[in-house]
Amino acid sequence: MTTSEHDSARSGVTPAESFHITRRSRNVFELVTRQRFAISRDDAFRFFGDVANLARVMPPWLVVDVLSPPPIEISEGADLEYLMRIFGIPVQWQSEFTVWEPPHRFAYEQRRGPFRQWRHEHFFTTAGRTTLVDDRVVYAVPGGRVVHDVLVERLLRALFRHRARRLRELLAR
């Protein structure tokens, strides 16, 4: 067992069990990831569904400021606006929550932002004394496959690797 596996086992959180990006069509891609946490499905859903935690799991090169005024009540049809700074470059993003089914799943879709398409679904499944958290993101980028292969895939891999580490730290407490 490696040091990080030992630390993860001791904390009750396992590292990302799966992560992959595939091409679904000419310019549409799918990112799928899974993590297991030693917390209840209700607690996992509550954490992921809390907009304040978004900034807590982002890498330092991606700063997220929520622009929607508090209190933010998430439900199906709710809109969320935020400003992201990617390597200091400001990018406005507006999302709509299209699915809200506590504690099983939720999804949001970009309505305005840097992608041609972005739909991020979160699924929460009880597995014994743990909870599996699955993410599925279907997205398309301006510039298509070339921009994806040269830039976007690297950024998404780095972002989700960092997010997995931060989630292990935050949910082990």
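Worth pointing out:
- On the stretch given as the stretch 146-173, residues that are part of a loop (DSSP other than H, G, I, E, B) and either of a type outside the set (Gly, Ala, Ser) or surrounded by fewer than 14 Cβ atoms within 10 Å (Cβ to Cβ) (or both) total 1.
- Flag if ALA44 is closer than 21 Å to LEU159 by Cβ, in contact (Cβ under 8 Å) with a residue 60 or more places away in the chain and part of a helix (DSSP H, G or I): yes
- Candidate set from the stretch 131-145 (those that are more than 16 Å from PHE19 (Cβ to Cβ) and modelled with pLDDT of 95 or more); member that is surrounded by the fewest Cβ atoms within 10 Å (Cβ to Cβ): ALA140
- Out of PHE124, PHE115, sole residue that is assigned to a strand (DSSP E or B) and of a type in the set (Phe, Trp, Tyr): PHE124
- Being closer than 20 Å to VAL137 by Cα, in a loop (DSSP other than H, G, I, E, B) and out of contact with any strand residue (DSSP E or B) (no Cβ under 8 Å at 6 or more places or on another chain) is a property that does not hold for PRO71.
- VAL91 passes every criterion in (1) of a type outside the set (Asp, Glu); (2) modelled with pLDDT of 95 or more; (3) within 22 Å of ARG34 (Cβ to Cβ) apart from (3).
- Taken residue by residue, the stretch 134-154 has no member that is closer than 20 Å to VAL66 by Cα and in contact (Cβ under 8 Å) with a residue 60 or more places away in the chain.
- Options HIS162, HIS148: the member that is at pLDDT 95 or above and either more than 27 Å from ALA44 (Cα to Cα) or of a type in the set (S, T, N, Q) (or both): HIS148
- TRP93 touching a Pro at 6+ places or on another chain (Cβ under 8 Å) and surrounded by 14 or more Cβ atoms within 10 Å (Cβ to Cβ): yes
- If you filter the stretch 35-75 down to residues that are surrounded by fewer than 13 Cβ atoms within 10 Å (Cβ to Cβ) and acidic (Asp, Glu), you find that the one that is nearest to ALA127 (Cα to Cα) is ASP50.
- Note on the stretch 101-113: among residues that are in contact (Cβ under 8 Å) with a residue 24 or more places away in the chain and surrounded by 16 or more Cβ atoms within 10 Å (Cβ to Cβ), the one that is farthest from the chain's Cα centre (by Cα) is PRO103.
The values are calculated or read from the model by the stated rules, or taken from the named source; none is laboratory data. Keep in mind that this is a model prediction, so the values were computed, not measured. Glycine also receives a Cβ, built like all others from the backbone with ideal geometry; neighbour counts cover every protein chain displayed.
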